[in-house]
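Below is one structure; the comments refer to it alone.
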């Protein structure tokens, strides 16, 4: 069956890979992104029996998100899936961060998801069907020092998704949270946020992520995991295997995980000091 789908943050990374795979499978996908040119470029590269349309969208604008959901429903007669995927990353130690750093992450990673849910959920309830997919992170399941604001927002997305899932079931609406480990996407290459001071992790996302156990996961493989999760109505999609192991370990032996994570953050602090020292010479 040809599904009618909205994917936010669809111009790159996970959103782009998922949109492309859905088009290959015959779905109609509205590829929404604040980067209008990037969304158009992404759509032009998608091939398959399905269809893709680029849409400019700022997920922080609740009215714009509602307008898109309404447009899709009016044009297509239904909305089968919304993937609230748009997000931003922010690394750095908490003492480096300003309120503006925190608010930037909260606005996109929490309010952006909430806006998608508020727009789509009542419509899906009235339809009697639909699937809400929210992109969280492994950082929403385990402690992630050095990424504390990001981790906070992803824990919020997991909590939203798992709670709403139980509410929504009686209405025929499904909810899934996607919790990938570090994935090879452009978010790792993001420079300093405009207007915000840099942190010790600015511009080093790929370097830091690649050094972690399990390395970087391929976005195209994650797209397949997400689609399997949608088809099987999974509560959580945790990938790759290393991420599942980490999440399970945190549930069963949290003290051990905390010790290991502490070693990692101590190493990051030493690297940050050495980097600062080398650049100030």
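Taking the condition of being part of a helix (DSSP H, G or I) and surrounded by fewer than 23 Cβ atoms within 10 Å (Cβ to Cβ), how many residues in segment 144-155 meet it? Going through segment 144-155 one residue at a time, the tally reaches 6. Annotation for segment 235-254: at least one member residue is in a helix (DSSP H, G or I), in contact with a helix residue (DSSP H, G or I) (Cβ under 7 Å, 6 or more places away or on another chain), farther than 30 Å from residue 22 by Cβ and at pLDDT 85 or above. For segment 216-234, name all the residues that are free of Cβ contacts under 8 Å to residues at least 40 places away in the same chain and part of a loop (DSSP other than H, G, I, E, B). Passing the criteria: 216, 218, 232. Residue by residue through segment 255-278, note down the ones that are modelled with pLDDT of 90 or more and either over 23 Å from residue 91 (Cβ atoms) or crowded, with 17+ Cβ neighbours inside 10 Å (or both). Across segment 255-278, the qualifying residues are 255, 256, 257.
No other residue among 86, 32, 36, 94 is at pLDDT 95 or above and more than 21 Å from residue 178 (Cα to Cα) apart from 36.
May I ask you to list the residues in segment 231-247 that are in contact with a strand residue (DSSP E or B) (Cβ under 6 Å, 6 or more places away or on another chain) and under 30 Å from residue 1 (Cβ atoms)?
Going residue by residue through segment 231-247, those that are in contact with a strand residue (DSSP E or B) (Cβ under 6 Å, 6 or more places away or on another chain) are 233-234, 236-240, 244, 247.
The answer is 233, 234, 236, 237, 238, 239, 240, 244.
Here is a list: 175, 158. Which entry is surrounded by 17 or more Cβ atoms within 10 Å (Cβ to Cβ), in a helix (DSSP H, G or I), within 18 Å of the chain's Cα centre (by Cα) and modelled with pLDDT of 95 or more? Result: 158 is the single residue among 175, 158 that is surrounded by 17 or more Cβ atoms within 10 Å (Cβ to Cβ), in a helix (DSSP H, G or I), within 18 Å of the chain's Cα centre (by Cα) and modelled with pLDDT of 95 or more. Contact annotation: residue pairs with Cβ atoms under 8 Å, 6 or more positions apart or on different chains, pairing a residue in segment 1-18 that is surrounded by fewer than 24 Cβ atoms within 10 Å (Cβ to Cβ) with a partner that is modelled with pLDDT under 95 and outside any helix (DSSP H, G or I), are 12/185; 13/183; 13/185.
Scan segment 16-23 and tell me whether some residue there is farther than 23 Å from residue 181 by Cβ, in contact with a strand residue (DSSP E or B) (Cβ under 7 Å, 6 or more places away or on another chain) and at pLDDT 95 or above. The answer is yes; a qualifying residue exists.
Annotation: residue 147 fulfils all but one of (1) at pLDDT below 95; (2) over 17 Å from residue 110 (Cβ atoms); (3) within 15 Å of the chain's Cα centre (by Cα); the unmet one is (2). Which of the residues spanning segment 41-54 are within 12 Å of residue 11 (Cβ to Cβ) and touching a helix residue (DSSP H, G or I) at 6+ places or on another chain (Cβ under 6 Å)? Listed by number, the residues that qualify are 42, 46, 52, 54. Taken over segment 188-218, the criterion of being within 17 Å of residue 154 (Cβ to Cβ) and at pLDDT 65 or above is satisfied by 201, 217.
Count, please, the residues in segment 28-63 that happen to be within 18 Å of residue 123 (Cβ to Cβ) and surrounded by 17 or more Cβ atoms within 10 Å (Cβ to Cβ). Of the residues in that region, 7 qualify.
The values are calculated or read from the model by the stated rules, or taken from the named source; none is laboratory data. Here the structure is a predicted model, which means the values were calculated and not measured. Glycine gets a Cβ as well: all are built from the backbone with ideal geometry, and neighbour counts include every protein chain shown.
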